[in-house]
Amino acid sequence: MVKTPIYMDYQATTPLDPRVLEAMLPYFTAHFGNAASRSHVFGWQAEEASEKAREQVASLIGGSGREIIWTSGATESINLAIKGIANFYADRGKHIVTCKTEHPATLDTCKRLERSGWEVTYLDVDRTGRLDPEAVREAITDKTVLVSIMAANNEIGTIHPINEIGEIVKEKGAFFHVDAVQAAGKIPFDVNACKADLVSLSAHKMYGPKGVGALWIRRRPRVRLTPIIDGGGHERGMRSGTINVPGVVGFGAAAEIAQKELPEEAERILRLRKRLHEKIVSRLEDVYLNGHPEHRIPGNLNLSFAYVEGEGLMMALKEVALSSGSACTSASLEPSHVLRACGVSEDLAHSSIRFGLGRFTTEEEVDYVADRVVEAVTRLREMSPLYEMVKEGIDLKSIAWTAH
Ligand SMILES: *Cc1c(COP(=O)(O)O)cnc(C)c1O
């Protein structure tokens, strides 16, 4: 018998790996020093631990530790990257290129810049959520300062051709920021392969602690930015404030584990995801995959169950932690902007469920969840007058209806 509740929301956050906790603990107690204290051993130990963590995090993405700036999480990293570049290089032009399926941290930051005179191009994606590198080429003008694109999407798992995009961005001479939160540690990702200038990372999406992030900033050629937080000149003046030493130690440990275990782990999780997908679609009709069938991170399965509301399905699956692309699950009231950008109809967006698998997901859990999903969808459809009509061969497109 599997233990419930089952966690299947790994794109929202991941549990802390016990090995990470182990690495962090001494830095809450014995080694509590302030990494900026230069006059005693407590400070030196904290500084040394933070420097080691920079190397561990940088190594995961093929960078150098000296290029890492600690932040409070990827939301801050993304804000610092976009606003920092925009403010420092505004005299080069005031144009940014990004994509419609980006995380709100990117979209809302760009929207704010629009209020202070910046022009932002929000690129479209195809039905699988993929961006065409040629669209990036066409969007870049001589006024374009920055291109900001995510490596992998958090809702539908789609992986963008980030290396091809980076090639074009550098050819055109703009700065390139990559939100690599869902890619780092999950799929091979390298700052040089994609020619990034800035890369945002978050510890809690890779089995590290919450509230810790990093911004990798290329040193050669040098990338400069205007800080958002002033005071004390920590992090080479780019992000002042006392470093969260236990947090960054945890981030470092998490990055080292991810790097070491990535190939095996990706394979194992991919197998589980395929098993879950297969066990559902082999027993249910009218289930649609959102995102790309191949270019997707191993731990993401996003499905729309026609004639069933995602909200209702999640209620019926209370013992499984899932997330839905319909309204009401997030802080906003809109259905998923990502599914909308993929051209998914409002009805199917409302019936979408994201299954997020990860390091601690077991085969037993996958089988249990598949069985529960099949039962619940079957039952909900039996109760649906809509589904009844479809079964009787009535063309739904001919009558007006909403998902509610
Ligand atoms: C979670 C996430 C973020 C935000 O990271 P936080 O550390 O939670 O602020 C940004 N981008 C993507 C793709 C994410 O999944």
For this session: Taking only Cα atoms and a 10 Å spring cutoff, compute GNM fluctuations for the chain and point out the largest among 378, 106, 14.
Result: 378
Seminar exercise, completed: Amide H proximity to residue 9 below 5 Å, modelled H, separation 5+ or other chain, gives 356
Problem set entry | Cα-centre dipole for the chain with unit charges at Cβ (Lys and Arg positive, Asp and Glu negative), debye to 20 | 1200 debye
For this session: Measure nothing fancy, just the Cα-based angle from helix 104-115's long axis to the longest principal axis of the chain, in degrees from 0 to 90, nearest 10.
Result: 70 degrees
Exercise. In debye to the nearest 20, how big a dipole does the stretch 18-258 give about its Cα centre with +1 on each Lys and Arg Cβ and -1 on each Asp and Glu Cβ?
Worked result: 420 debye
Exercise. Could you give the angle, 0 to 90 degrees to the nearest 10, between helix 74-88's Cα long axis and the longest principal axis of the Cα atoms of the chain?
Worked result: 60 degrees
For this session: Please give the net charge around residue 36, taking every other residue with its beta carbon less than 12 angstrom from that of residue 36, where Lys and Arg add +1 and Asp and Glu add -1.
Result: -1
Seminar exercise, completed: Heavy-atom accessible area per residue of the chain, all protein chains kept, 1.4 Å probe, expressed in Å², is 44 Å²
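Using a 1.4 angstrom probe on heavy atoms only, work out the carbon and sulfur share of the accessible area of the chain in %.
Accessible surface attributable to carbon and sulfur in the chain totals 53 percent.
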Exercise. GNM, the chain, Cα, under 10 Å: largest mean-square fluctuation among 145, 374, 20?
Worked result: 374
For this session: Mind pulling the angle between the C-alpha long axis of helix 363-382 and the longest principal axis of the chain? Nearest 10 degrees, somewhere in 0 to 90.
Result: 40 degrees
For this session: Please list 118-125, 150-157, 168-175 highest first by mean number of surrounding beta-carbon atoms within 10 Å per residue.
Result: 150-157, 168-175, 118-125
Exercise. What is the antiparallel percent of DSSP beta bridges lying wholly in the chain, to the nearest 5?
Worked result: 55 percent
Seminar exercise, completed: Too long for a 23 Å Cα-Cα cut-off, among 100/143; 111/143; 210/274; 111/210; 3/318, are 210/274; 111/210
Exercise. Along the stretch 170-179, what does the Karplus equation 6.51 cos²θ - 1.76 cosθ + 1.60 (θ = phi - 60°) give for ³J(HN,Hα), rounded to whole Hz, x for Gly and Pro?
Worked result: 6, 4, 8, x, 9, 7, 10, 9, 10, 7
Seminar exercise, completed: Quick shape summary for the stretch 18-258, equivalent ellipsoid via Cα gyration tensor, semi-axes whole Å in descending order, reads 31, 20, 14
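Hull surface divided by four, with the convex hull built on the Cα atoms of the chain: how many nm²? Before the final figure, lay out each step's value.
Working: hull surface 84.6 nm².
Projected over every direction and averaged, the Cα hull of the chain covers 21.2 nm².
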Exercise. Hey, got a sec? Which trypsin sites (Lys or Arg not before Pro) in the stretch 308-391 land in a DSSP loop and have at most 14 other Cβ atoms within 10 Å?
Worked result: 318
Seminar exercise, completed: With +1 at each Lys and Arg Cβ and -1 at each Asp and Glu Cβ, the charge dipole magnitude of the stretch 1-61 around its Cα centre, to the nearest 20 debye, comes out at 80 debye
Exercise. In deg cm²/dmol and to the nearest 500, what is the mean residue ellipticity at 222 nm of the chain if only DSSP H runs of at least 4 residues count, each as -39500 (n - 2.57), divided by the residue total?
Worked result: -12000 deg cm²/dmol
Exercise. Whose amide H sits under 5 Å from the amide H of residue 320, counting only residues 5 or more places off or on another chain, with H placed in the peptide plane?
Worked result: 6
Seminar exercise, completed: the chain, Gaussian network, Cα under 10 Å: of 91, 197, 108, the residue fluctuating most is 91
Exercise. What is the spin-label model distance, in nm, from residue 1 to residue 346 if the labels are put 7 Å beyond Cα along the C-beta direction?
Worked result: 4.4 nm
Exercise. For the chain, with the dipole built from +1 on Lys and Arg beta-carbon atoms and -1 on Asp and Glu ones, taken about the Cα centre, which of 317, 248, 148 lies farthest toward the positive end?
Worked result: 248
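The values are calculated or read from the model by the stated rules, or taken from the named source; none is laboratory data. All figures in this text were calculated on a predicted structure; none of them were measured in a lab. Neighbour counts run over all protein chains shown; Cβ positions are idealised from the backbone, glycine included. Just the protein is used for accessible areas: all its heavy atoms, side chains included, with ligands, DNA and RNA removed. Shrake-Rupley method; radii C 1.70, N 1.55, O 1.52, S 1.80 Å.
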